[in-house]
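Read the structure below first, then the notes.
Every number in this text was worked out from the coordinates using simple rules, so none of it is lab data. These figures come from a predicted structure and were not determined experimentally. Every residue, glycine as well, gets a Cβ built from its backbone with ideal geometry; the counts of neighbours run over all protein chains shown.
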Amino acid sequence: MSHRITLTGLRAEGHHGVLASERESGQIFIADVVLDLVPGAAATDELSSTVNYAEVAEAVVGILAGEPVDLIETVAERVATAVLQWPVVQATEVVVHKPRAPIAVEFTDVSVAIRRERASQELGRAERPRSGYSPAPEPVPIVLSLGANLGDARATLRDVVRELRHELGVHLSGVSPLARTKAVLSEDQEAQPDYLNAVVTGTTTLGPRTLLACLQQIEHAHGRRRAEHWGARTLDIDVVAMGDIEQGDPTLTLPHPRAHARAFVLAPWARLDPEAVLPGPHGGPVAELAASAPDHADLEWLAEEWA
Ligand SMILES: Nc1ncnc2c1ncn2[C@@H]1O[C@H](COP(=O)(O)OP(=O)(O)OP(=O)(O)O)[C@@H](O)[C@H]1O
Ligand SMILES: Nc1nc2c(c(=O)[nH]1)N=C(CO)CN2
């Protein structure tokens with residue numbers, strides 16, 4: 001016997017939408033979320049044997065109110081991805097309503113409904129279908145690059161390392177020295193403050209998309225707003241590599257499509273692990289790639305132990 005939990009009418013003001021006016025003013029979004037639990041969940045009368053629906057509700061509201069995206073389809077995907085992070089949730093049905101959508105005729109509601117199951121959602125190597133509570137997914141090595149050039153960048157990066165150490169499904173094993181780097185920009189961009197950059201390594205049991213969603217939530221919590229391409233930012237976390245996964249998915253390209261040419265990523269990584277090798281078509285020994293990257297001279301080491 002398996003259990004089904006339903007949360008109805010979770011609401012928050014969000015800024016999702018294609019129109020600039022929607023991004024600016026915001027409006028109410030409502031989500032209904034069904035959680036199908038794995039067989040055997042809630043077999044005892046203990047909260048730890050199931051999922052705490054109050055925590056799920058908060059996560060969903062966080063997404064409704066969180067980083068703006070164009071489509072309610074994307075909001076629904078984000079909710080499903082977040083909800084499937086709970087190991088006891090086997091499948092979820094998500095409906096996202098936008099009752100004040102800018103539609104020129106009278107209407108009551110517009111909504112999108114999706115159903116996502118663990119097996120179909122999880123595609124990468126770390127995301128094999130699971131049944132029941134076991135087997136636990138294999139940890140996959142990860143390399144993340146951290147950057148910031150707005151606000152108190154050093155404090156932000158230090159906080160992020162602490163938050164990643166507490167992140168469920170992520171285990172950090174290494175933190176690189178901290179570097180100050182010149183902003184790498186496209187030709188038509190105005191000058192920006194220097195960045196602080198670092199790389200962290202570790203493992204994750206999260207799937208690629210779930211990891212990305214979790215990193216984007218951390219970015220958002222640190223005030224990251226996506227406006228200009230390569231715009232100055234309070235925080236950027238990129239997935240440089242995840243094991244030897246190679247995927248061209250634009251939502252999460254692995255390895256990161258520009259990492260092989262960025263000394264601000266490669267040099268900290270090489271300091272942390274001199275033998276590291278970047279996988280993928282542009283890959284190779286990280287220390288060598290760092291030395292030949294166009295920005296290799298634009299980097300100054302600030303601190304060995306900083307987080
Ligand atoms: N490996 C990756 N790591 C992080 N984001 C990625 C990756 N591959 C694709 N993306 C996608 O790129 C989108 C834009 O990311 P972001 O705004 O951080 O880009 P950027 O930092 O300005 O540029 P760059 O990708 O060159 O570092 C994200 O929403 C994410 O879906
Ligand atoms: N030095 C430096 N330059 C950048 C960086 C960065 O982290 N460091 N990030 C960018 C977009 O991700 C664009 N340019």
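Tell me which of Pro285, Leu254, Phe29 sits at the most positive position along the dipole axis of the chain, charges placed on C-beta atoms (Lys, Arg +1; Asp, Glu -1).
Comparing the listed Cα positions along the dipole, Phe29 ranks first.
Compute the angle between helix 53-64 and the longest alpha-carbon principal axis of the chain, please, reported from 0 to 90 degrees and rounded to the nearest 10.
Its long axis makes an angle of about 60 degrees.
Suppose the chain between Ala20 and Arg258 were pulled fully straight at 0.36 nm per residue; how much longer would it get relative to their current alpha carbon spacing?
In short, 82.7 nm is gained.
What's the extension gain from Asn52 to Glu117 if we count 0.36 nm per residue and subtract their Cα-Cα distance?
In short, 21.5 nm is gained.
Label points 7 Å out from Cα along the Cβ direction at Arg100 and Asp244: separation in nm?
About 5.3 nm separates the two model spin labels.
Through the Karplus equation 6.51 cos²θ - 1.76 cosθ + 1.60, θ set to phi - 60°, convert the phi angles of the stretch 271-281 into ³J(HN,Hα) values in whole Hz; use x for Gly and Pro.
These are the phi-based 3J(HN,Hα) values: 5, 6, 9, x, 9, 4, 10, 7, x, x, x Hz.
Among Gly169, Thr210, Ala155, whose Cα sits farthest toward the positive end of the charge dipole of the stretch 141-228 (+1 at Cβ of Lys/Arg, -1 at Cβ of Asp/Glu, about the Cα centre)?
Gly169
Output wanted: per-residue J couplings in Hz (rounded whole) for the stretch 30-47, from phi through Karplus 6.51 cos²θ - 1.76 cosθ + 1.60, θ = phi - 60°, x for Gly and Pro.
Each residue of the stretch 30-47 in turn: 10, 10, 10, 10, 9, 10, 8, 8, 5, x, x, 5, 6, 6, 10, 8, 10, 4 Hz.
Under the rule of at least 5 residues apart or a separate chain, name every residue whose amide H is placed under 5 Å from the amide H of Ile142.
Hits under the 5 Å cutoff: Gly202, Thr203, Thr204, Gly243.
Run the dipole for the stretch 140-303 about the Cα centre, Lys and Arg Cβ at +1, Asp and Glu Cβ at -1, nothing else charged, and hand back the magnitude in debye, nearest 20.
Taking the Cα centre of the stretch 140-303 as origin, the dipole is about 440 debye.
Give, rounded to the nearest 20 debye, the magnitude of the charge dipole that the chain has about its Cα centre when Lys and Arg contribute +1 at Cβ and Asp and Glu contribute -1 at Cβ.
320 debye
What does the convex hull of the Cα atoms of the chain come to per residue, in Å³, rounded to a whole number?
144 Å³
Under the Karplus relation 6.51 cos²θ - 1.76 cosθ + 1.60, θ = phi - 60°, what is the ordered set of whole-Hz ³J(HN,Hα) values for the stretch 213-224, x standing for Gly and Pro?
Running phi through 6.51 cos²θ - 1.76 cosθ + 1.60 with θ = phi - 60° gives 4, 5, 5, 5, 5, 5, 4, 5, 4, 9, x, 5 Hz.
Mind putting a number on the dipole of the stretch 4-121 about its Cα centre? Charges go on the C-beta only, +1 for Lys and Arg and -1 for Asp and Glu, and I need it in Debye to the nearest 20.
Approximately 140 debye in magnitude.
How would you rank 138-151, 50-63, 171-184, highest first, on the average number of other Cβ atoms within 10 Å across their residues?
138-151, 171-184, 50-63
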